[in-house]
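The values are calculated or read from the model by the stated rules, or taken from the named source; none is laboratory data. Because the structure is predicted, anything quoted here is derived from the model rather than measured. Heads up, the Cβs are rebuilt from the backbone with ideal geometry, glycines too, and the neighbour counts pull from every protein chain shown. All accessible areas refer to the heavy atoms of the entire protein, side chains included, with ligands and DNA or RNA removed. Shrake-Rupley method; radii C 1.70, N 1.55, O 1.52, S 1.80 Å.
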Amino acid sequence: MSGHGPSAGQRFQTLLDEQDVVVCPGAMNALFARLIEASGFPAVYLSGAGVANGLLGQADVGLTTLTELSQAAANTCAAVSVPVFADADTGFGGPANVERTVALYERAGVAAIQLEDQVVPKRCGHFEGKEVVSVREMVARLRAAQASRADSSLMIVARTDARSVSGLDEALERARAYADAGADSLFVESPTSDEELERVGSELASTGLPLVANMVEGGKTPLHSASELASLGFRIVIFPGFLTRLTVKAALDGLATLRAGGDSRPLLDQLMPFVSVQEILGLPELTTRVADYDAATPG
């Protein structure tokens, strides 16, 4: 947010101060972000996997570029008024790359930026075959991110994928190192049991930093409600692929019906009304603004 009001980062921090847990459904694009805001959620998570799926039609294996992801961030931030927590993968390289990543994401208007300790190219946190960089390399990424942000309230979320590579002990050790390096929030990816979730919450509580839980339906981590995760010590809960999976299933079911009968009428009760979609997209407000411009123009 520009101007005299609080920045996006400050508004996200206010949410964390006011709520026990902040639920951020995942968006792949600006439309999904509008749906999330219209449904009453206080924040949006821009999913890197979602952008790869929706923009490229590809799996999350590091194919998206900084330009593509930062533009998706800009489009998403412009479409909603709630804070956007944005996935920036690895920062797209070394410290100099991270500097540019943070600059572009901050210019886009995000409230929080997630950086992970995977190698380039990265893989979805719930895929096999991941590799991580050294702690030193990740700490350099975090320090570059802190140094290059113009607004200190922009939250730097440090994610470690070490659990799937070398075990939970290593992941927790890395998370503590990232906290010491100045991260604003910690994200231990893919704990594989309730006991591991409990360990993450309890053993990282001493850092005093908000912890992120990632609920991936069909992924490696047991699913829990936001309130259950809050009781374990998590403050931010993301559901990055929920809308994508919901939409894909509904789309395939509807397309099967359309293909079988060549007729959309049997599905009308399952379709959002045309006018309602335009309302979500802001057409009435846009129409009013344009009419006001015309009315105020001499001649």
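Before moving on, here are some points about what is shown:
- Residue-normalised accessible area of the chain, expressed per residue, 1.4 Å probe, Å²: 48
- Between the amide H of V132 and those of V119, distances stay under 5 Å, these residues lying 5 or more places away or on another chain, with hydrogens modeled in the peptide plane.
- Taken as Cα centroids, the stretch 236-299 and the stretch 34-57 sit 15 Å apart, rounded to the nearest whole angstrom.
- Database remark: amide H of Q58 closer than 5 angstrom to the amide H of N53 (H placed geometrically; neighbours at sequence offset of 5 or more, or on other chains; Pro and chain starts carry no H).
- Excluding same-chain neighbours fewer than eight residues apart, the aspartates and glutamates reachable from K122 by a Cα-Cα span under 17 Å are D60, E68, D87, D89, E131, E137, D161, E189.
- Cross-link reach list, aspartates and glutamates versus K249, counting only Cα pairs under 18 Å and skipping chain neighbours closer than eight places: E217, D269
- Simple spin-label estimate for K249 and E279 gives 2.7 nm between the two label positions (7 Å along the Cα-to-Cβ direction from each Cα).
- Degrees separating the helix 8-18 axis from the principal Cα axis of the chain, which is the longest one: 70
- From phi via Karplus (6.51, -1.76, 1.60), per-residue ³J(HN,Hα) for the stretch 40-54 in Hz, x at Gly/Pro: x, 6, x, 7, 10, 9, 7, 7, x, 4, x, 5, 4, 5, x
- Taking the 1.4 Å solvent-accessible surface of the chain as the whole, the part contributed by carbon and sulfur is 55%.
- Between the labelled values [x] 19; [y] 37; [z] 27, the entry that holds percent of Cα pairs over 32 Å apart as derived from this structure is [z].
- Range in the chain, longest, excluding exposed GluC sites (Glu not before Pro) [loop by DSSP; at most 15 other beta-carbon atoms within 10 Å]: 1-127
- Separation of the stretch 79-104 from the stretch 160-210 is 21 Å, based on Cα centroids.
- Dipole magnitude for the stretch 170-299: about 340 debye, using +1 per Lys or Arg Cβ and -1 per Asp or Glu Cβ, origin at the Cα centre.
- Difference of contour (0.36 nm per residue) and Cα-Cα distance, S264 to E18: 84.0 nm
- Helix 242-261 and the long axis of the chain differ in direction by around 40°, with both axes built from C-alpha atoms.
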